[in-house]
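**Q** Pasting a structure here, questions to come.
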Amino acid sequence: MGRKQKIRIGRRVGAHREMLMSRVRRYYGEERVADGLPEMLDDDLQRQYTEAAMAIYRQPWATEEELERINDRLAPHWLSGMHWDDLHGAVLVELACQIAASRPKLVLDAGCGVGLDSVFLALQFPDVQFVGTDLSARMIGYAQTRAQRRQRRVQNARFLVAAHRELPACFPDTRFDMVVTHGSCVYVDADHLAQHCAAFAAVLRSGGQWFTEMPFEQPPDHFLGAITALAPQFDLPNGNAIRTLRLHGEEVCWNAVFRRK
């Protein structure tokens with residue numbers, strides 16, 4: 001491939017990503033209005049939101065019970081008060097591009113929160129079925145409401161309450177083409193991460209993909225250790241599988257795609 005052709009392809013890819021990011025921003029704005037939220041919270045709600053969000057990181061790893069309690073507090077204000085349009089949106093664009101390239105038919109959004117990713121992706125890919133799970137019943141309630149108010153357009157997304165470790169029992173006869181963990185593995189401690197990774201492997205078909213992201217500049221050592229232990233179940237390519245996402249010139253998070261053997 002010549003240099004000029006590479007430049008043309010690069011420009012087309014860049015234009016496609018910009019178009020997706022524009023859709024993400026418009027979607028977030030519509031959902032804020034529908035949720036009755038301001039673009040930014042007032043000072044008191046901002047303080048409550050930040051305290052609840054940062055409680056997760058101060059743990060530094062929370063138990064399922066603590067996560068459920070914290071997420072229940074965060075659910076009503078999930079779309080306000082943090083950098084959704086940039087950080088969260090940029091990862092969502094990466095995920096949309098991965099789905100467009102791999103063309104799955106059945107996608108599991110594990111740790112879906114209030115359903116932002118699943119509903120957006122369901123709108124973009126009407127031929128793909130999306131299933132969102134979260135351990136917080138309140139989060140799932142918001143996700144179901146989000147899908148229902150767009151019911152005429154979103155008929156390919158459903159939601160249920162389930163922790164990561166419960167996935168094999170919830171889907172004993174279902175094998176997904178893709179499992180997505182958009183930030184949800186960041187809260188799992190080293191003792192339980194291998195168990196959760198094994199649960200993702202159990203519900204993925206052979207050749208299926210696991211898309212994961214964490215808001216760190218590099219994957220934590222305990223995550224890399226858990227992935228290495230899963231080598232019999234996942235193809236673990238070289239370090240190029242891990243992509244660092246930069247915003248405003250700074251490394252802000254990373255994502256990776258691992259393929260089920």
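The values are calculated or read from the model by the stated rules, or taken from the named source; none is laboratory data. Remember, it's a predicted structure, so these values are computed and weren't measured experimentally. Cβ placement follows ideal geometry from the backbone for every residue including glycine, while neighbour counts extend to all protein chains displayed.
**Q** Of all residues in the stretch 171-197, how many are modelled with pLDDT of 85 or more and more than 12 Å from A110 (Cα to Cα)?
**A** 6
**Q** Here's something else I'd like to know. May I ask you to list the residues in the stretch 141-175 that are touching a residue at least 12 places away in the same chain (Cβ under 8 Å), farther than 29 Å from A34 by Cβ and not in a helix (DSSP H, G or I)?
**A** If the condition is that a residue be touching a residue at least 12 places away in the same chain (Cβ under 8 Å), farther than 29 Å from A34 by Cβ and not in a helix (DSSP H, G or I), then F171, T174, R175 are the ones that fit.
**Q** Give the number of residues within the stretch 198-233 that are closer than 19 Å to W254 by Cα and modelled with pLDDT under 85.
**A** 16
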